[in-house]
Structures are given as structure tokens and as C-alpha cells.
Amino acid sequence: MRVLFVSSEVHPLAKTGGLADVSEALPKALRAHDVDVRLLMPAYPQAKDRLMAQGAPIALKNVLGFDDVALIPGLLPGSELPIWLIDCPLLYDRPGRLYCDPDGQEWHDNALRYALLSHVVARLARGLTPLAWRPDIVHANDWHTGIIPALLDADTAPRPAVVFTIHNMAYQGNFPAACLDFIGLSSRLYHPDGVEFHNRVSFLKAGVRYADRITTVSPTYASEILSPDFGHGLEGVARQRQNDLVGILNGADYGLWDPVNDRHLIERYDRHYISGKKICKAALLTELGLPAMGNAPLIAFNSRLVEQKMADVVLEAVPAMVAAGGQFALLGEGDRRFESAFADLARRYPESISVRIGYDEPAAHRLLAGADILLAPARFEPCGLTQLYAMRYGTVPIVRRTGGLADTVVDATPETLHAGAATGLSFHDISAAALGEAARRAIELFGQPLLWRRLQVAGMQADFSWERSARRYLDLYRSLRPESQLRRVARGRTPDDDDSYGGRVVNSR
Ligand code: ADP
Ligand code: GLC
């Protein structure tokens, strides 16, 4: 089984959020099942710097009019996973964040940047590169890769099946219709049943519409996106594809996110030695410049500062948490208005609040280990990884009951606590009052060491390793392989009749 896993970000080469974590961990888990999985992503400068390059770049001629395109082969650092970086300096070799310029504005040519990625994948899938390797399955992720199945759908010749995973329905890659002139997608696909969405070209819609199978990252989110509240306008298309849509819960990579072997921690610990966590907390308070305040719980927020994550509501709720005796530490970046409002809050409560604006992976590990409680609220959450990591670190998560948060955290009630099943606290309403009430319950439990320990241990024992989910992806890939063979036969070709593989392109829909 050969799988080409395509993502716009892969840890540790480039990361803005959970997509990068999944794009490292799932391929690793698949490889453990003997899948020949290879990764492909853009050659952003930091990715080029960190890659363990292996061999000479492979030049590709004229991709969307660009002649300086090449595949740089290498290994993902810390693994045996082969990866190709698509080098196209004009599009990817830029300062700033992956998707935005240094001023925080989206790159004006994102449609082109990710169309080029998609065309390179389509070439590879059709065997139209100098590489001997061709995938059976293309696993594409999020809007950046959404037009891949649309490009391949036009083929009459056999092609790999495409699995498209939605990590977030809110990021859609919608661009002016004029982009059709330069993204190499047939204008015949520009209609409401194709890639058109409110007079724009939608990369995400293309993925949902044309992929052979669609997955998303938790069972609850898979059903939520069928409704207007969560579908962001694409709920109708999702409903049309409902029979091909499945929710497979993300996992946590415990090779990287487990206090027992976390190289970023001053002291390593596990559930048999939870007191090691106290050493991490003391070191963290010193690092953050917060005084040790007796037995005050340290409440952390490690998140993109955006409305999805209820950053506005957290801002409103934090003063009450501090008044109730808590300390608060934030590590995050995002909308400028939230960044400056949190910075103001820290100035108002220097003894109790630490705010660090920026992106810092080792600091995220230290924060999760040293904190007592993690705030992980969200208006919607496809899966969410920080609550999974927090549980393994004995840091009790407070989540809103939605998406993957609802699927992974068991709310502490007298019954669940008694049964040793509770792993966190959850609330429903999107309000500072509801979040504050959950925080109040958490702080009260924190004051009862036996109950708190039970909550911590249940979370630390919970197993969200990738093993089970990787198996489900594997079953999905296997279910598709015979079908792609059938497609060949149905189109008048035998599986061996490979002469025109990928050569001709006609519009089949
Ligand atoms: P999302 O992908 O929606 O942002 P997830 O919970 O799935 O949410 O994944 C977030 C990932 O990004 C986690 O690995 C988290 O530690 C990391 N992260 C978020 N913000 C920061 C930051 N400012 N510094 C370091 N890591 C961060
Ligand atoms: C997205 C989602 C998040 C999910 C991550 C990885 O960024 O917002 O919920 O955990 O992708 O799938």
C-alpha cells in the first residue's frame, strides 16, 4: 500500500497548529503498519532548513508556468519517513508566517501557492514525474489540497483514490473566480455543483465535492458539519457526500507528548510520580515571573487567539478566576486585538497573570507540564489536541462540549468522579458565565487533593494513542483500492491496461 500524504504543514518542519501534529503522527503510525507512506509539503524556508535532505532535487518542468519547481527528497527529522518538499522559491521562500505576510495579511497569491502544490501532486499521482514511485492513495488535508481530487477527477485513465480530511470547515480557501485563469482548473467545474461557492472558487468545496472519501477528525464534528451552525455554508455539500464521510478521532503522539519522556521538561514524571509535576510547576512560575502563591491553581491557555477558541470569552472570564484564587498563564498568538487585550490584562494583574504572545513549541510543553488546569474552550472544535496532551500531563482540561472536545473529555460529576471516569470539566453555553462556572468547579476540586488526584490519574491513563485511529484509516484505504480497480474496468480498461495512465484529461462530470 503506497500512500502520498499531502499537507501544507508538518511538524517539525513547519507548524501553525494541530494539522502539523497530525501530519507527522498519522504517517508515523501508518508506517508502523507497513504502509509505504510518503509526505509532501511546500519548501517553506524553515522546512528547508530543518529537512534531513537525501539526494539531489528532482526538477519538474512547467508547473502552472513555473520553471523553477523541484522536489527536494529527504527524511522527516526524528523519523524514517520520506518526504518531498516542493521547491518553488517565488511562491514559498518568504518571511512571515506560512499563510500570512509579516503584517498578518494573507498572502495575495495563496490560491496560486496551493494550486501549484496540488498540480505537483496530480502529476505525481499520474506518474508524470521522473519518480518511479506512484501512490495507490492520495491522502489530502484541508483546503490547501482541496483541488487535488478535482484535478484527478477529470482523468479517464486509472488514478489513485483520494481521501480528503477536513481539519477545519471554517478555513475554506475561497478565491475570486478570476483565479481560474491561473490555477489550472477547468472552468467547466465552475458551477454550483462543482467548485463554485457564492461566486468564488472554493478549494475546500472542491475537496468535499470530488474526493472519493471524506474524513474529519472526530465523530461528533462529522455530524455537526452537516448542520448550518457548523458547516459554514458547506453543510449542503457535506450532506450530499454524507455516505462517503466518516469521523475518525485524532490521536496524540506520546513519543513527543508524554511527561515521562519529554525532553523539554526540567523533571520527567508519570502517574506513579505525579510529584514530579510540582517541580515543573515551580520552574514554570519562575520562568513566567509569577510568585508561588501557596496552593493557587495555575490555569493555562495555549491556543491560537481567535474566536474559534473563544479567546474573547476567556478574556472576559479570567479576572473572576484570579479573584477566586487562581493564577493564569497564556501562550498564544493570533488576532491582534486579542493579543493586545491579553497583554493589558497581564499589566493589570502582574502577580497573577502571565501573557506570552508568540509561538514557542518547547514553551508549550513546559506550560502543559507546569499548569494545573488547561482552558480549552471553543465555539467549534473539529478535534482539538491540547486537551489530549494536557490529560497525559495530569493537567485537567476545561472544555466546551462540542466536536472532538465532547468526544474526548468526561465531565466531572459526583458519579463520574466516584467511578474514576472523570477526566476534566465541560460546559455548554458560549459565555463567560458558563466558562467561569466550570473554572469555579475546577478550583473547588483542586482544593480536594484526593478527588483531584483521581481526576489527574484518570486523564493520565486515558489512551488516545494513534494506533486505533491509524487502523481505521488503513481500513478506509483498503476499502478504496478495489474500487479504483473497478473504476478502471468500468471505464473499459483492465487493471493492467496502463498505457495511457494519466495522459489524457477529459471532464468526466
Ligand atoms: P488548532 O489546530 O485548531 O490550533 P489543536 O488543539 O488541534 O488546535 O492544535 C494546536 C497545536 O498547536 C498544539 O500542538 C499546541 O500546542 C500548538 N500551539 C498553539 N499555539 C501555540 C503557541 N503559541 N506556541 C506553541 N504551540 C502552540
Ligand atoms: C484543526 C482543528 C483542530 C484539530 C486540528 C488537527 O486545526 O481546528 O480541532 O485538532 O486541525 O486535526
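Among residues other than Ala329 whose Cβ falls under 14 Å from its Cβ, what is the net charge (Lys/Arg +1, Asp/Glu -1)?
-1
Averaged per residue, what accessible surface does the range 276-461 expose to a 1.4 Å probe, in Å²?
Spelled out: the 1.4 Å probe surface of the range 276-461, per residue, equals 36 Å².
If r is the Cβ-Cβ distance from Ser223 to Glu106 and R0 is 22 Å, what FRET efficiency results, to the nearest 0.05? Kindly include the intermediate steps, with their values, before the conclusion.
Values: r = 30 Å, r/R0 = 1.38.
For Ser223 and Glu106, the calculated efficiency is 0.15.
Return the FRET efficiency for the residue pair Lys278, Glu80: r is the Cβ-Cβ distance, R0 is 45 Å, and the value is rounded to the nearest 0.05.
0.75
How big is the charge dipole of the range 276-461 about its Cα centre, in debye rounded to the nearest 20, if each Lys and Arg gets +1 on its Cβ and each Asp and Glu gets -1 on its Cβ?
The calculated dipole for the range 276-461 is roughly 400 debye.
Take every DSSP beta bridge whose two residues both sit in the chain, then give the antiparallel share in percent to the nearest 5.
30 percent
Output needed: percent of Cα pairs per 5 Å distance bin for the range 9-92, bins running from 0 to the one holding the longest distance.
3, 15, 25, 23, 17, 11, 4, 1
To the nearest 10 degrees, how steeply does helix 432-446 sit against the main Cα axis of the chain, on a 0 to 90 scale?
Orientation of helix 432-446: about 60 degrees from the principal axis.
First select every other residue whose beta carbon is under 13 angstrom from the beta carbon of Ala439; then total the charges, Lys and Arg +1, Asp and Glu -1. Please report the intermediate quantities before stating the final value.
Numbers: positive: Arg400, Arg440, Arg441; negative: Glu316, Asp372, Glu437, Glu444.
Within the 13 Å Cβ shell, the charges total -1.
When the dipole is taken about the Cα centre of the chain, and only Lys, Arg (+1) and Asp, Glu (-1) are charged at their Cβ, what size is it in debye, to the nearest 20?
On the way: 55 positive and 59 negative charges, 128 e Å.
Its charge dipole is roughly 620 debye.
Using only the alpha carbons, work out the radius of gyration and Dmax of the range 276-461 in angstrom.
Values for the range 276-461 (Cα only, Rg and Dmax): 14.8, 44 Å.
Any chance you could tell me what percent of the C-alpha pair distances in the chain go past 42 Å?
Of the Cα pairs, 20 percent sit more than 42 Å apart.
Give me the angle, in degrees from 0 to 90, between the Cα long axis of helix 361-370 and the longest principal axis of the Cα atoms of the chain, rounded to the nearest 10.
Result, in degrees: 40.
Could you name the lysines whose alpha carbon sits less than 22 Å from that of Lys15, not counting residues in the same chain fewer than 8 places away?
Output for Lys15: Lys28, Lys48, Lys309.
First measure r as the distance between the Cβ atoms of Glu437 and Val246, then evaluate 1/(1 + (r/R0)^6) with R0 = 35 Å and state the FRET efficiency to the nearest 0.05.
0.50
So for the range 207-361, what percent of the C-alpha to C-alpha distances run longer than 25 Å?
51 percent
How would Ser303, Ser465 rank on accessible area, largest to smallest, probe 1.4 Å? Walk me through the intermediate numbers first.
Values: Ser303 20, Ser465 40 Å².
Descending accessible area places them as Ser465, Ser303.
For helix 336-348, report the angle its Cα long axis makes with the longest principal axis of the Cα atoms of the chain; keep it between 0 and 90° and round to the nearest 10°.
Once rounded, the angle reads 10 degrees.
Using a 1.4 Å probe on the protein chains only, how many percent of the accessible area of the chain belongs to carbon and sulfur?
Looking at the chain in its full context, I get 52 percent from C and S.
Compute the separation of the alpha-carbon centres of the range 205-256 and the range 1-62 and state it in Å as a whole number.
A separation of 22 Å, based on Cα centres.
Add -39500 (n - 2.57) for each DSSP H run of 4 or more in the chain, then divide by its residues: what number comes out at 222 nm, to the nearest 500 deg cm²/dmol?
-11000 deg cm²/dmol
Using only alpha-carbon positions, what ratio does the radius of gyration of the range 281-368 give when scaled by 2.2 N^0.38 Å? Intermediate results must be reported in sequence, preceding the final value.
On the way: Rg = 12.1 Å, N = 88, 2.2 N^0.38 = 12.1 Å.
Its radius of gyration relative to the 2.2 N^0.38 Å reference: 1.00.
What's the whole-number percent of alpha carbon pairs in the range 66-191 lying beyond 27 angstrom?
20 percent
The values are calculated or read from the model by the stated rules, or taken from the named source; none is laboratory data. Since we're looking at a predicted model, the values are computed, not measured. For neighbour counting, all protein chains shown are included, and Cβ atoms are generated from backbone atoms with ideal geometry for every residue, glycine included. Remember, those area values only see protein heavy atoms, side chains included, never the ligands or the DNA or RNA. Shrake-Rupley method; radii C 1.70, N 1.55, O 1.52, S 1.80 Å.
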